[in-house]
Structures are given as structure tokens and as C-alpha cells.
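J.: Would you mind keeping the following structure in view while I ask a few things?
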Amino acid sequence: MTLLSICYENGKLKILNVLLLPHKSIYEEINSVEDAWKAIKEMKVRGAPMIAIVGCLSVAVELRKENFDDIEGFQEFMNKNLRYLITARPTAVNMSKSAKDLIKLVDNLIEEKHSLEKLKSRVLETIEQMLPDDITDNKQLSDYGAKHILSNSESNKITILTHCNTGSLATAGYGTALGVVRALHETSNLEEAYCTETRPYNQGARLTAYEFVHDKIPSTLICDSMVGLLMDTKKVSAVVVGADRVARNGDTANKIGTYQIAVLAKHHGIPFYVAAPVTCHDTDIHEGNSIVIEERPHHELIKIAGVKIAPEGMKCWNPAFDITPHDLITGGIITEHGVFTPEKLHEIHQRKKE
Ligand code: MRU
């Protein structure tokens, strides 16, 4: 049985509340844009692709119920809700990219003088297509990534390290970096997958480990501070992580801790890959230092499973992401169009424009 983190059928949307994993598997209904905004903010759903899919599907849920008096009312509804959804979490680019595309679609259809009915059906079609498209892209990307890693390794048994959660629980299915691990496992080319605990919010220990156990993938959990020793003493073939936003020059925002893993990988001569479908690429920004880094509430850092681990009165700093400079992405950026060095990334952006 595959893991299902989202169910959508005929305007009914349910999400798996990943905050309750691995102990409880509970699906919650999303009946409005407000429900989606809260679920994203509270991280009941998380991961860059999933944030955009749930956000946009919540618009579809409301659209299917709503009757509009005129085209202006429809356009206002779209603009207002899409712009609102972007505010839930600022670092991942996927929601703002989808919002921009949908707003543009509506503007174009209005310019072409389509009826209100046509507008609504085209928007619903586009949003509902995000689910299957994401799975197709992830599978394609994972296949490219697995083959690239294998072709650059002396062995046909790969030991891989990943960080955070980038699997079925962060996407519509299969996953990005975790998809690459899955693809290696499916062809019997995986020796071992290591996943970090991913402090402070433990997406690795709670979610990636859950996916590995669920899929019977040979795997071992380490805590974030063990990465150096792991690289020094075990034969790690490659590191693969996901992305929340990839700038034009390849600088990548991803879960806090990614940057230090990339530095260690460079020190140990281990190829470092970023698995990022084009939905995670931000062609509007040139480099990583203009990416806004989200800061999360202190309780996510000073409590583990509800238990305080720091003394009262202690200050804390809780950025959710960091930026890995492109020169540390030595393996390449894995996309659904192939694997690119950061320097060659502009080739897919160019191809998309043509
Ligand atoms: O704060 P999160 O859990 O949403 O962070 C998730 C990540 O950093 C993932 O690596 C990224 O979104 C890619 S998910 C395919």
C-alpha cells in the first residue's frame, strides 16, 4: 500500500495531519481556503510541493461550492484567496508560483472574452491537474537522479544520506529526494539510506523514517550532529536533499541544516545533489541571498513532543531554512528534465520559455 498524504475527489479535500505521525494516521477535511491556510501555517501539511497543492486545491473546493454573479466577482475571489495563501509560509516558492500562474490564466481568459462558466472550468481543470502532474514529475526526476548517481559511483550499491522529509508526505506522491532513494531501492541498487533526525521539528525522525519503514527501505536514522562522523567512517556515495526555492544561479533554500551537510560533503568529496522539480525554481531571483527565511515559533525548538527541553527564560532563534550556495551543489540539481550543474540550470529555464 502506498502512503497517501492527500485525498481529493469531486471537490472534497482531506489531508493526512503529519503532526500526529508516526503515532496516529488521521485525515482531516479541508473545507475552505482558511482551513488550508491554517493547516499550512501549523505544518499539518508541509513540504514545498504539498503546500502549493493543498493551497490551490482548497481554492478548488470553494470554487465548486461558490456561485458568482459576474466575472469581476470571480476574478476578485481568485486574486484575494491566492494572495492570502502565499502568506502562510514565505520560503517555499511553489505556492506563489502557482498563484501567479493561476492569476495570469484568469487574466488571459478574461482578455479572450471567455464565459464565467468556461473560466471556472479551466481554473478547476488546471488546479486538479496539479496532483497527477506532481507525481509524474517526481517519478521522472527520481529516475534521472538514480541513474546519475549510479553512473558516477564505482559501486552499483549506493549508500545515500538525506535530510528532512521530501517523500510522499511532502508531495502528491513518490517524492523528490526521497523519490531518488525509492528509485534506487526499486532497482535493487540501494545499500542503505541514512536520514537525519532534522532538528528542531524532526521531519526526518517522524516522517522520513516512517516512509522508510513503511516501504521496507534499508535505512538508518542518525541525529544531525552525526553527519560528519558518518561521512568520515561509512562509505557515503551521495547526499540528496530537496528544495524550497532554487534561485537562477542554483543557490538553494532548503530545511535548516542543509548548508552544513553540503559543507561537510564538499570536505569529504561526496557528491551533493538537490532534487528540485521546476515548480521549486524561482526564475525571478538571481541568487539565494534574496530568499526570505521563515522563522518558526520558539516552542517548536524548545519542546520535543510537548516536553520542554530548555530552561524558562532562555532566548532562542528558530530559522526554518538555510541557503546552500550553488558551488556546494557538486553532484547537480536533479529535475524532471534531467540533472543540471548549477551553471547549466538556465538551460531548462530557457527551454520552458520556448
Ligand atoms: O518546513 P518544511 O517541513 O515544510 O520543510 C520542508 C523541506 O525543507 C523540504 O526539503 C522541501 O520542502 C522539499 S519537499 C519535496
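J.: Among (1) open to solvent by 10 Å² or more (accessible area, probe 1.4 Å); (2) assigned to a loop (DSSP other than H, G, I, E, B); (3) of a type outside the set (Lys, Arg); (4) touching a helix residue (DSSP H, G or I) at 6+ places or on another chain (Cβ under 6 Å), there is one condition Val236 misses while meeting the rest; what is its number?
T.: (4)
J.: State all residues of region 282-306 that are free of Cβ contacts under 8 Å to residues at least 60 places away in the same chain and surrounded by 19 or more Cβ atoms within 10 Å (Cβ to Cβ); if no residue qualifies, say none.
T.: Gly288
J.: Name the one entry in Ile53, Ile40 that is outside the structural domain of Ala205 (by TED's automatic domain parsing), under 27 Å from Lys303 (Cβ atoms), in a helix (DSSP H, G or I) and in contact with a Leu (Cβ under 8 Å, 6 or more places away or on another chain).
T.: Exactly one residue qualifies, and that residue is Ile40.
J.: Oh, and also: Which residues, taken from region 1-37, are assigned to a helix (DSSP H, G or I) and either within 18 Å of the chain's Cα centre (by Cα) or on the phi > 0 side of the Ramachandran plot (or both)?
T.: Val18, Leu19, Ala36, Trp37, listed by residue number.
J.: Can I ask one more? Right, Lys113: away from the ligand (no atom under 16 Å from the Cβ), over 24 Å from Ile285 (Cα atoms), out of contact with any helix residue (DSSP H, G or I) (no Cβ under 7 Å at 6 or more places or on another chain) and not assigned by TED's automatic domain parsing to the domain that holds Ala172 or not?
T.: In short, yes.
J.: Something else now. Quick check on my filter: what residues within region 253-281 are closer than 22 Å to Lys100 by Cβ and either touching an Asp or Glu at 6+ places or on another chain (Cβ under 8 Å) or surrounded by fewer than 21 Cβ atoms within 10 Å (Cβ to Cβ) (or both)?
T.: Ala253, Asn254, Pro277, Val278, Thr279, Cys280
J.: Further, regarding this structure: For the subset of region 266-318 comprising residues that are away from the ligand (no atom under 16 Å from the Cβ) and within 23 Å of Ile160 (Cα to Cα), which member is nearest to the chain's Cα centre (by Cα)?
T.: Looking at the filtered set, the residue picked out is Pro271.
J.: Which one of the conditions (1) more than 10 Å from the ligand (Cβ to nearest atom); (2) open to solvent by 10 Å² or more (accessible area, probe 1.4 Å) does Asp134 fail to meet, given that it meets all the rest?
T.: Single failed check for Asp134: (1).
J.: Take Glu154 and decide whether it is free of Cβ contacts under 8 Å to residues at least 40 places away in the same chain, open to solvent by 10 Å² or more (accessible area, probe 1.4 Å) and either farther than 30 Å from Cys223 by Cβ or among the hydroxyl-bearing types (Ser, Thr, Tyr) (or both).
T.: no
J.: Follow-up. Residue check: is Arg206 in the same structural domain as Leu328 (by TED's automatic domain parsing), among the charged types (D, E, K, R) and in contact with a strand residue (DSSP E or B) (Cβ under 9 Å, 6 or more places away or on another chain)?
T.: no
The values are calculated or read from the model by the stated rules, or taken from the named source; none is laboratory data. All of these numbers come straight from a predicted model, not from anything done at the bench. Neighbour counts are summed over all protein chains in view; Cβ atoms, including those assigned to glycine, are modelled from backbone coordinates with ideal geometry. These area figures cover heavy atoms from the full protein model, side chains too; ligands, DNA and RNA do not enter into them. Shrake-Rupley method; radii C 1.70, N 1.55, O 1.52, S 1.80 Å.
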